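Worksheet: the structure to be examined is printed underneath.
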There are 4 protein chains.
Amino acid sequence: MYIYDFEIRVEYVDTDKMGIMHNSRYFLFFERGRTETMRSLGIGYKKIENKGVTMPVVEQFARYLLPAFYDDILVVRTKITEMPMAKIRFDYEIIRNENGTENLLCVGYNTLAFVDTATNKPLRLPQWIKDSLKPYMD
Amino acid sequence: MYIYDFEIRVEYVDTDKMGIMHNSRYFLFFERGRTETMRSLGIGYKKIENKGVTMPVVEQFARYLLPAFYDDILVVRTKITEMPMAKIRFDYEIIRNENGTENLLCVGYNTLAFVDTATNKPLRLPQWIKDSLKPYMD
Amino acid sequence: MYIYDFEIRVEYVDTDKMGIMHNSRYFLFFERGRTETMRSLGIGYKKIENKGVTMPVVEQFARYLLPAFYDDILVVRTKITEMPMAKIRFDYEIIRNENGTENLLCVGYNTLAFVDTATNKPLRLPQWIKDSLKPYMD
Amino acid sequence: MYIYDFEIRVEYVDTDKMGIMHNSRYFLFFERGRTETMRSLGIGYKKIENKGVTMPVVEQFARYLLPAFYDDILVVRTKITEMPMAKIRFDYEIIRNENGTENLLCVGYNTLAFVDTATNKPLRLPQWIKDSLKPYMD
């Protein structure tokens, strides 16, 4: 398993008139967590696109447990738990640390496909991405 | 079952550098579909909030089948298939009509709770919402 | 002068914790007003891009006079007051009709350039856009 | 004069089908720059709201000089050049550092008012905000 934590602060524009972070914003936090997780593995998404591979999101899910508020610093914990085949799955936890306790605000996941940018055809997991993940997978 | 169709056009800001509508935007289309569906039932969300009830999203899901492009007119088809209890579930289809054919771009759902705005405590389904839905449910 | 009115409803995601529409959203209303204004002139932006022309925003401004609230139906009034040369200027008024009165919530403008998509070089106003505007300009 | 630099990375969702950061996003970068600038002065916006003061944006402007691209790290340089009276003005520069050179992508400003949250009436600059700024103003 590979786990990566990345901190993001809740901005004013992230909130709605309920006074909490809008439900759609969590998917942007997933995107940022995933981006930084891949960068930390040496497979930044810009590099992937430069190699002619696009990774569209195939499906995604979020369950909301506790609200997030303006100016909160949240941890996006991203996990890759198994070696991808045709698709790669990322699991997410959105966490707020309070007095030494991790409060879980949201859990979710998404799966992404690998597509050849030129032909728009699906690809299997590129070998160089596999190599980056191998040290962390059984 | 209650079904309601609402059309939304894909704006420039909805697209990303992949040239297609960004995955997070579909959840905003769900929100707009749900808003207009509830309005069509006579239970507009503004009215609900004015009655001291808030409806936070508890969980949501989207599966992406085909990309949406700039300037597309999409149909958000919202369905309520069963009488809600503690929570209400909405199912969504995002559809693009092409030459008389309905192409399904995305399917999804979300569930929302009923909360007393003053006490922040969960509520059962308010009777007046139940009354609005009754004609459509078995 | 050419004037075009287009109605947009304020969505939940447009609001922030102040309970009003977020200041950045007005620029999206400008974009939608401009898009529909150009479509009404027969020079839809998709058609423009298909002809190899891109129109980046060069500068823009907004002054906020009154807040907009959730579920408000707002009129985006877009004006083109003079024949463009190297750039085209759009003026905007965001209006809420209340009991027969037009309340002005926001005024603004932006200017856009014409760029050759292939060469990324600036263009003068294409003749076919000029032809569309001519009937409305002195 | 008070100057504060804050770095923000361009996310995928910030881009549009032109392949560059969407014009509306710069105003969110202004917001984040302003937020961190005020925090650095000891007058974080959350603290201001907790003291019963709201700061709505009165007007804002942006001029776009060069495009920003996905994954760029941009500097938001925020300046307060004069002691505010009824309103406070922030000037912004969005900068991309390339090989030791600062490339200016965008300049802009906004002005914000001080409003009593309870009465919704305008306020003059609160003394404690004035005290925070005094060391930097002539």
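Dimensions of the protein assembly as shown along the principal axes, based on C-alpha atoms and rounded to the nearest Å, stand at 60, 55, 51, largest first. The mean count of C-beta atoms from other chains within 10 Å of the C-beta of residues in D:69-77, rounded to a whole number, is 2. Across chain D, counting alpha-carbon atoms alone, Rg and Dmax equal 15.9, 52 Å. Peptide C:28-40 has a mean shielding of 2, counted as Cβ atoms of other protein chains within 10 Å of each residue's Cβ. Dividing the mean sequence gap of close Cα pairs (under 8 Å, 6+ apart) by how many residues chain D holds gives a relative contact order of 30 percent. Amide hydrogen proximity for C:Y64: with H placed 1.01 Å from N in the peptide plane, the residues at 5 or more positions away or on another chain lying under 5 Å are D:E59.
With a 10 Å cut-off between alpha carbons and a GNM built on chain B, which of B:D14, B:D71, B:D91 moves the most? Between B:D14, B:D71, B:D91, it is B:D71 that shows the largest mean-square fluctuation.
Pairwise Cα distances in the range D:86-138 exceed 14 Å for 69 percent of all pairs.
Values in this text are rule-based calculations from the coordinates and carry no lab data. It should be emphasised that the depicted structure is a prediction, and the values quoted were computed from it without experimental measurement. Neighbour counts are summed over all protein chains in view; Cβ atoms, including those assigned to glycine, are modelled from backbone coordinates with ideal geometry.
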